[in-house]
Structure formats: structure tokens, C-alpha cells
Amino acid sequence: MSVTLAVFEQIVSSSGAGEAIELMLPAGVRERQLKAGTLLTGMMLALADGRPAHLTRILEALTGLPEDDQRRLGVIEEWKSGPHQLTYRQVEHASRLIRKALAKAEPDGAPSADLQRLCDQLLEASIPAQLKDASTSLAVDWTDVEAWARAVPASSPGTGADPEARWGHRNVNRKIELGEMFFGYYMPAATMVNDEDGPAVPELVRRITVCSSAHDPAAALVPVLADMAASGASPGDILADSGFSYRAPRTWASPLRGLGAQLVVDLHPSDRGPQGTHEGTVICNGNLYCPKTPEPLLQLIPLPPGAEPADVAAHDQQTAELARYKLGLHAAQDANGYRRHACPAAMGKIRCPLRPASMELERSRPEILAPPEHPPACCTRKTITAGPGVAAKTRQKYDYPSAAWRRSYRRRTASERLNASVKDTATGSIDRGWIRLTGITPLTLWLACMMAVRNQRILAAWQARLDDDARRAAAGQPPRQRARRRRELAAPGP
């Protein structure tokens with residue numbers, strides 16, 4: 001316990017969260033025995049032992065420390081009547097003061113700026129300095145956090161024991177139309193993953209936020225990532241599923257591109273395939289294509305998990321063929337988001353009679369046999385200009401759903417592992433009853449502490465694996481291979 005305690009004390013101390021909270025709290029007649037830093041440390045100790053987010057668990061964790069640690073942390077202090085050990089009433093009082101200090105004057109289902117900043121500092125302090133710049137790629141996702149309070153009648157929203165909580169929808173590992181409703185909050189999170197062709201990194205949580213189900217969780221994460229970029233940790237690749245890419249561009253894709261991030265996202269079925277035209281080109285999957293692109297190529301969708309090698313090879317051949325019909329980027333994007341594109345025939349990718357020079361290319365290139373009778377602008381001009389609003393919702397780093405996109409998008413599973421770990425009853429699930437405090441302020445603070453504790457667990461497992469690899473290398477043995485789940489064979493037919 002002493003080693004764990006030292007780690008958590010270091011996180012709280014280096015983050016400066018304890019001192020910042022103390023400055024926000026009102027001065028009392030008598031100095032409080034329980035300091036904010038000690039309370040945060042007790043929260044992490046309770047979570048590290050798999051205990052729920054209850055105030056009684058904080059008291060148990062702190063009073064269960066060795067006496068020397070209790071005296072150093074102020075859990076035991078000398079009063080006029082002799083040594084006094086921390087009581088539950090003092091824990092409850094300190095928690096209530098912190099809640100009032102960090103809450104918004106008018107609650108709206110989102111954390112206050114002070115609360116979000118303190119949570120960001122706690123998470124940043126939980127990541128070792130040598131790993132902060134190990135990767136710029138982030139896998140993002142959100143999960144549901146059910147409130148302890150029960151829902152109020154629909155005719156009286158914003159009332160009850162937890163007026164900030166709202167009804168939301170979760171999939172619970174089923175199709176979205178078969179999901180279910182819950183009463184509570186969303187927790188969007190950004191998890192660090194390795195850069196493309198970069199070394200492996202531990203999947204540490206860099207940022208989280210919490211919002212009621214009345215807010216858009218994707219939009220709620222954007223300002224958190226913007227603050228992260230302003231602090232010097234600019235995001236690189238952002239990997240997200242269709243729940244994020246389906247959002248309006250002004251609330252998700254466009255702000256992230258403004259931060260310099262590159263999106264690697266799965267597209268919602270409604271956003272796949274042809275989505276209108278621009279200067280005669282076909283807008284499809286975030287790119288501009290020749291108006292004579294074969295329709296079957298424009299309808300390609302991602303491969304299902306566990307596809308056979310032959311199917312993968314055929315799919316990759318089709319996406320490579322589709323890339324030949326894509327208009328090439330003639331000039332880099334300017335500061336206002338405008339881009340210049342050139343015809344694929346003019347760039348030597350296909351053969352087209354409207355571009356006589358392209359007919360001299362080898363016949364292995366695709367050929368437009370029936371060019372448009374009335375050529376549009378993309379076929380007559382040297383280049384066309386696409387503004388920031390063209391394919392703003394679906395434009396991303398790689399052609400969708402190419403082999404390069406598939407390899408890059410695989411890294412997003414880190415966010416799924418995060419969601420699975422916080423719902424794992426073996427390490428402390430966030431199901432209803434995990435926390436019995438109402439309101440977004442204590443919930444956000446507890447979740448930030450939980451992510452900091454999880455980061456330490458991930459780091460310990462990561463270091464153990466590095467040590468094991470080094471030991472096996474010294475013994476001349478290959479690195480240990482991770483166990484892979486075997487695919488179940490279908491039952492034989494009659």
C-alpha cells in the first residue's frame with residue numbers, strides 16, 4: 001500500500017489540484033483537518049482497491065494506512081484532548097465544500113471550467129513525462145454513466161434528486177435499434193494509441209469529460225481537446241466510430257481540423273457512397289471522383305471483421321481501382337480550408353478522350369469509354385476549387401474504406417478496451433450504485449480519479465511486459481506472444 005500511496009500522492013502533488021481547490025474553499029472558524037489533496041488521495045486509494053465511489057470507502061482507505069502516513073496526511077492530528085482520527089462527518093463536510101466550489105452557479109449538465117481544468121491536470125499528472133510525447137494519436141469514444149438518482153416524470157424535467165441527469169440511449173452490445181434507455185450522463189474519453197509506424201505505447205487516458213444525456217458527447221469533447229492542444233499537446237490522428245463522424249461538421253470535424261488533427265473515422269451508413277456533386281465531380285466518402293466512376297466502386301463498404309484472406313485481397317484491389325478515379329490534390333489546403341483538385345486523367349491515373357495526353361498512357365490504366373456528352377467543369381478546367389464545406393463531414397486522412405484506412409482504424413479498439421475496463425466488475429464497474437452522490441461535479445471528479453488509477457494499472461502491466469521481454473531476450477528466447485482468440489467453427493450441417 002505504501003508504494004501505491006506514494007504514486008497517488010505524487011499525482012495529486014504534481015497536478016496542483018489539491019492546492020487549487022484549497023484556494024477556492026471558504027475559510028472556516030477552525031482549520032479543516034481533511035485537506036483537499038488528502039481527499040483526492042483517499043479517492044484514488046479507494047478506487048485502487050476496487051471499492052465503489054462512496055465517502056465511507058475514502059474513510060476506510062485513509063484510516064487503514066500506517067500510523068506514520070496517517071499523521072503525515074493529517075488523518076490523525078493532535079487536538080487538545082489528544083490524538084484525533086478523521087471521522088466520516090469530516091469527509092462528508094470536505095466533499096460538500098469541494099462540490100459547491102467546483103459547481104456552476106447555474107447547472108446545465110456540463111462541468112464547470114474549473115472542474116474540467118482540475119480533471120485535465122490530474123490525468124496529465126498520471127502520465128509519466130517520458131510518455132507524454134510518445135504519441136499524438138488518440139482513440140475517442142463515449143460510454144454511459146447511470147445516475148444514482150431515479151428519473152423524474154417526463155412532465156417535470158430538471159427536478160428531482162439529480163436535476164442535471166437526463167434520459168439517454170446506449171447500445172449495450174446490440175444494434176442501435178435494439179438498444180435501451182438509461183438515466184444519467186455520458187463520459188467521452190480520449191485514449192492514447194501508437195502513431196502509424198511508431199512504437200507501441202501504453203493505452204493511457206489523456207482526457208475525459210462528462211455531460212448529461214441532453215448534450216452531444218462528441219461536441220462536449222472538442223473544447224477539451226482544444227485546451228489540450230493549447231497546452232502544447234496537439235492531437236495528431238483522431239480515431240472515432242460513426243457515432244462521432246455522423247455529427248454536424250461544425251461541432252466535430254471542422255474544429256478538429258482547425259487544431260491540425262487528421263481524422264480516421266468510420267462513416268455512418270447514411271454518409272457512405274455518393275453524396276451529391278461539386279463542379280461535376282461525385283462527392284463520395286469524403287473525396288471527389290470522376291463523374292464516370294463505375295457505380296459498384298462508389299458503393300464499396302468496409303470489410304466485416306474476420307474476413308477471409310481472399311475477400312480481403314479482392315476488396316483491396318477494388319479500393320485501389322477506385323483510387324484511380326479520385327481527383328488528385330493539385331495544391332495544399334490554404335489557411336481558409338480551400339483546396340484545388342485536378343482531373344485524374346490530367347494526373348495520369350486513368351485514360352480519357354477528353355484529355356488527349358492521357359490516351360498515351362499504358363492500357364493497364366482504366367479508360368473512360370463514354371465521356372460525358374456535355375463535359376462539366378471538372379472535365380474542361382485544369383483544376384477546380386473545393387471549399388471547406390465540400391465533404392466537410394466525411395473527409396479524412398485516408399480513402400474510405402481502403403487498406404490504409406483499415407490498418408489505421410484498427411487502433412481505435414483502445415477506446416473499446418477503456419469502456420470495457422470501466423464496466424468490469426472485477427476492477428470497479430461504474431454501473432448504477434457505484435457512486436451515490438448526485439450531480440455532475442462529484443461524478444466528474446470521481447471519474448477523473450478512476451482514470452488516473454487506471455493509468456497506473458496500465459503502466460504497471462506495460463512495465464511488467466517490458467521486463468518480461470528483456471528477460472526473455474537475455475535468455476535467447478523470443479518475446480511472449482499474446483494469446484489470440486480462436487475463431488469458432490460453424491456447426492456441421494445435417
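The values are calculated or read from the model by the stated rules, or taken from the named source; none is laboratory data. Keep in mind it's a predicted model, so treat the numbers as computed, not measured. Neighbour counts are summed over all protein chains in view; Cβ atoms, including those assigned to glycine, are modelled from backbone coordinates with ideal geometry. Note: areas computed on protein heavy atoms with side chains; ligands, DNA, RNA excluded. Shrake-Rupley method; radii C 1.70, N 1.55, O 1.52, S 1.80 Å.
For this structure, a couple of remarks:
- Condition met for Ser415 (under 30 Å from Leu102 (Cα atoms), surrounded by 15 or more Cβ atoms within 10 Å (Cβ to Cβ) and without any contact (Cβ under 8 Å) to a residue 40 or more places away in the chain): no
- Helices (runs of 4 or more DSSP H) completely within the stretch 331-427 that count 1 or more residues being out of contact with any Leu (no Cβ under 8 Å at 6 or more places or on another chain), within 21 Å of Gln317 (Cβ to Cβ) and not β-branched (Val, Ile, Thr): 403-409
- When Ile283, Ile238 are checked against the criterion of being farther than 28 Å from Ser135 by Cα and in a strand (DSSP E or B), a single residue qualifies: Ile283.
Per-residue answers, yes or no, for (1) open to solvent by less than 30 Å² (accessible area, probe 1.4 Å); (2) within 22 Å of Lys292 (Cα to Cα); (3) at pLDDT below 95:
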{"site": "Gln317", "(1), (2), (3)": "no, yes, no"}
{"site": "Pro366", "(1), (2), (3)": "yes, yes, yes"}
{"site": "Arg381", "(1), (2), (3)": "no, yes, yes"}
{"site": "Gly389", "(1), (2), (3)": "no, no, yes"}
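- Filter result for Gly476 (in a loop (DSSP other than H, G, I, E, B), out of contact with any strand residue (DSSP E or B) (no Cβ under 7 Å at 6 or more places or on another chain) and either among the basic types (Lys, Arg) or without any contact (Cβ under 8 Å) to a residue 40 or more places away in the chain (or both)): yes
- When the residues of the stretch 219-235 are filtered to those that are modelled with pLDDT under 95 and in contact with a strand residue (DSSP E or B) (Cβ under 8 Å, 6 or more places away or on another chain), the one that is nearest to Gln116 (Cα to Cα) is Ala233.
- Residue identified as touching a helix residue (DSSP H, G or I) at 6+ places or on another chain (Cβ under 8 Å), closer than 30 Å to His374 by Cα and surrounded by 17 or more Cβ atoms within 10 Å (Cβ to Cβ) among Gly273, Gly280, Gly243, Gly286: Gly280
- Scanning the stretch 187-231 for residues that are assigned to a strand (DSSP E or B) and either open to solvent by 10 Å² or more (accessible area, probe 1.4 Å) or on the phi > 0 side of the Ramachandran plot (or both) gives a single hit, Arg207.
- The stretch 321-330 - residue that is of a type outside the set (A, V, I, L, M), open to solvent by 30 Å² or more (accessible area, probe 1.4 Å) and assigned to a strand (DSSP E or B) and, of those, farthest from Pro291 (Cα to Cα): His330
- Just one of the listed residues (Ala420, Ala448, Ala403) is within 30 Å of Pro163 (Cα to Cα), of a type outside the set (Ser, Thr, Tyr) and either in contact with a Cys (Cβ under 6 Å, 6 or more places away or on another chain) or modelled with pLDDT of 95 or more (or both), namely Ala448.
- The stretch 150-172 residues that are modelled with pLDDT of 75 or more, paired with ones that are open to solvent by less than 40 Å² (accessible area, probe 1.4 Å) and acidic (Asp, Glu) (beta carbon under 7 Å, 6 or more apart): Gly168/Asp144; Arg170/Asp144
- Out of Leu47, Leu59, Leu97, Leu65, sole residue that is closer than 14 Å to Glu9 by Cβ and either touching a residue at least 12 places away in the same chain (Cβ under 8 Å) or open to solvent by less than 40 Å² (accessible area, probe 1.4 Å) (or both): Leu65
- First in the stretch 229-256 and touching a residue at least 60 places away in the same chain (Cβ under 8 Å) and over 24 Å from Arg407 (Cα atoms), second anywhere and hydroxyl-bearing (Ser, Thr, Tyr) and part of a loop (DSSP other than H, G, I, E, B), Cβ under 7 Å, 6 or more apart: none
- Complete set of residues in the stretch 259-270 that are outside any strand (DSSP E or B) and either surrounded by fewer than 20 Cβ atoms within 10 Å (Cβ to Cβ) or in contact with a Lys or Arg (Cβ under 7 Å, 6 or more places away or on another chain) (or both): Leu259, Gly260, His268, Pro269, Ser270
- The set of residues in the stretch 86-110 that are touching a helix residue (DSSP H, G or I) at 6+ places or on another chain (Cβ under 8 Å) and closer than 30 Å to Thr63 by Cβ comprises Leu86, Thr87, Tyr88, Val91, Glu92, Ala94, Ser95, Ile98, Arg99, Ala101, Leu102, Ala103.
- Looking only at the stretch 349-385, residues that are in contact (Cβ under 8 Å) with a residue 24 or more places away in the chain and of a type in the set (Gly, Ala, Ser) come to 2 in all.
- Residue within the stretch 399-412 that is crowded, with 22+ Cβ neighbours inside 10 Å and closer than 21 Å to Ala190 by Cβ present: yes
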